[in-house]
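Structure first, commentary second.
The values are calculated or read from the model by the stated rules, or taken from the named source; none is laboratory data. These figures come from a predicted structure and were not determined experimentally. Backbone-built Cβ (ideal geometry, glycine too); neighbour counts: all protein chains shown. Note: accessible area is taken over every heavy atom of the protein model, side chains too, but ligands, DNA and RNA are not part of it. Shrake-Rupley method; radii C 1.70, N 1.55, O 1.52, S 1.80 Å.
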Amino acid sequence: GMVSNNFYKREWQGPRRMKTMSLMLEWIPSLHGLVEDANDLKMAPEVEEQAQRTLNFLWDAFAKSGYVTADKLQRLIYAAFGRLVTEEELLGVLKGRQYIDSKQELWKVLVGSTFRPRMEGRFFVAVTIHEAESIRRLIHVTRNRPVLSTYFPDNDSAIAIRMIQTAENVATSLIDRSHFFPDHTDTQLKQANNLFRFMDAQTYYGDEDLSLLVKGFQNNSSFVRLLFYEQVLKSRRRKQENWRETPLGVAINAESEFKFMDTTALSILIDMAMEKDSVAINEAFARFDLDGDHTLNPAEMYCALEWLGLHPSFEQIFNWMKVADSDGDMELSLKEFTSFIRQNRLVHRTVVIEGTAPPAIAGRSRR
């Protein structure tokens, strides 16, 4: 994502009021150069190392019988991408079965292009209302031909003006477009939307929006994100006093998408374990609070997860608490614990898949 000079110029000095971001330009320099990127996610060595640790944790947690069933795979995908899987996507992963039985298959789910569709040759720029009106005039003047064909006869560029929206509403974001513009309302567009929402100092994000936001700025450290956001707040007229207690606080604290994936998966696993034992959140919190001080510290969380049959590392416990802890004291209140569990609670809409059952299930059905 980029911004126009009306939002930011390098030569500006001193504090300035930042304009509200509500519109963006989607720019395709050449329709012939617009190609789908089917490659796996490109990662720096340290990020790939973290991704491998996350893979091992997810496999151990969700594949205790040596395979991941379709219903658990849907929860796992929700943990990784913050959204419900479609039947088409699930069928593509399972390939006629009701399970996956190798880490390599799970690795393709996490870093492959199925859930990370991306197109090369596509750019997004935040623009002001005045700039958007000028762009719309250009679109209407060249209504039945490429927008730059007057000056460059062989040029096949395309542009569109969009509203900056949440992931849920991005399909309705298109305001105007030039001739032959392809309207791809995909993950790439959703991610650009959420990065602009962050720059606009918006604080409330749904699960998918939050996951996309973390993926979008994970190359910047938590400290750099925090520093940037504090500078943005100084340039805004509206005040944000409790933003650390909002989903944005979670995104800023998440070190990388894979550590965030760990914490989200852990929340879902805790919720699944409590659901299995018919334990309410406040009842579970009271059980976990061993010293009775109405907060959960890392040691208590470790004991609690062991009791629930989960075996995360202490580093994962620390990362989970860092993300869930809104006030930074490394102790979870009932409010913080409840908020983070509910934030990652899967909406129960399971896609039923027909196909070959896992070995143990198939064996039982033959008896």
request  = Only residues in segment 314-336 that are in a loop (DSSP other than H, G, I, E, B) count as the first member; pair them with residues that are surrounded by fewer than 16 Cβ atoms within 10 Å (Cβ to Cβ) and among the charged types (D, E, K, R), Cβ under 9 angstrom, at least 6 apart or cross-chain, and list the lot.
outcome  = Ser326/Glu245; Ser326/Lys335; Asp327/Glu245; Glu331/Asp293; Ser333/Asp327
Residues that are open to solvent by 40 Å² or more (accessible area, probe 1.4 Å) and among the aromatic types (Phe, Trp, Tyr), drawn from segment 199-226 = Tyr204, Phe223
inquiry  = Condition first: part of a loop (DSSP other than H, G, I, E, B) and either of a type in the set (A, V, I, L, M) or open to solvent by 20 Å² or more (accessible area, probe 1.4 Å) (or both). Now tell me which residues in segment 229-255 satisfy that.
reply    = Ser235, Arg236, Arg237, Arg238, Lys239, Gln240, Glu241, Asn242, Ala254, Glu255
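The rows are residues; the columns are (1) surrounded by 15 or more Cβ atoms within 10 Å (Cβ to Cβ); (2) within 28 Å of Ala171 (Cα to Cα); (3) in contact (Cβ under 8 Å) with a residue 60 or more places away in the chain.
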position	(1), (2), (3)
Trp27	yes, yes, yes
Leu34	yes, yes, yes
Asn39	no, yes, yes
Met43	yes, no, yes
Asn56	no, no, no
Ala61	yes, no, yes
request  = Restricting attention to segment 104-142, report how many residues are open to solvent by 20 Å² or more (accessible area, probe 1.4 Å) and in contact with a His (Cβ under 9 Å, 6 or more places away or on another chain).
outcome  = 3
task = Scan segment 75-103 residue by residue and report those that are in contact with a strand residue (DSSP E or B) (Cβ under 8 Å, 6 or more places away or on another chain), open to solvent by 10 Å² or more (accessible area, probe 1.4 Å) and part of a helix (DSSP H, G or I).
result = Val93
inquiry  = Checking Ser178 against (1) of a type in the set (Ser, Thr, Tyr); (2) surrounded by fewer than 20 Cβ atoms within 10 Å (Cβ to Cβ); (3) more than 25 Å from Glu255 (Cβ to Cβ); (4) touching a Pro at 6+ places or on another chain (Cβ under 9 Å), only one condition comes out false. Which one?
reply    = (2)
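Ala284: among the small types (Gly, Ala, Ser) and closer than 21 Å to Leu73 by Cβ, yes or no?
No, not satisfied.
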ask   = What number of residues in segment 281-312 are open to solvent by 10 Å² or more (accessible area, probe 1.4 Å), in a loop (DSSP other than H, G, I, E, B) and touching a residue at least 40 places away in the same chain (Cβ under 8 Å)?
value = 3
Arg145 being open to solvent by less than 80 Å² (accessible area, probe 1.4 Å), among the basic types (Lys, Arg) and either touching a residue at least 12 places away in the same chain (Cβ under 8 Å) or not in a helix (DSSP H, G or I) (or both) = no
task = Determine whether Lys190 is of a type outside the set (Ser, Thr, Tyr) and either in a loop (DSSP other than H, G, I, E, B) or closer than 22 Å to Val125 by Cβ (or both).
result = yes
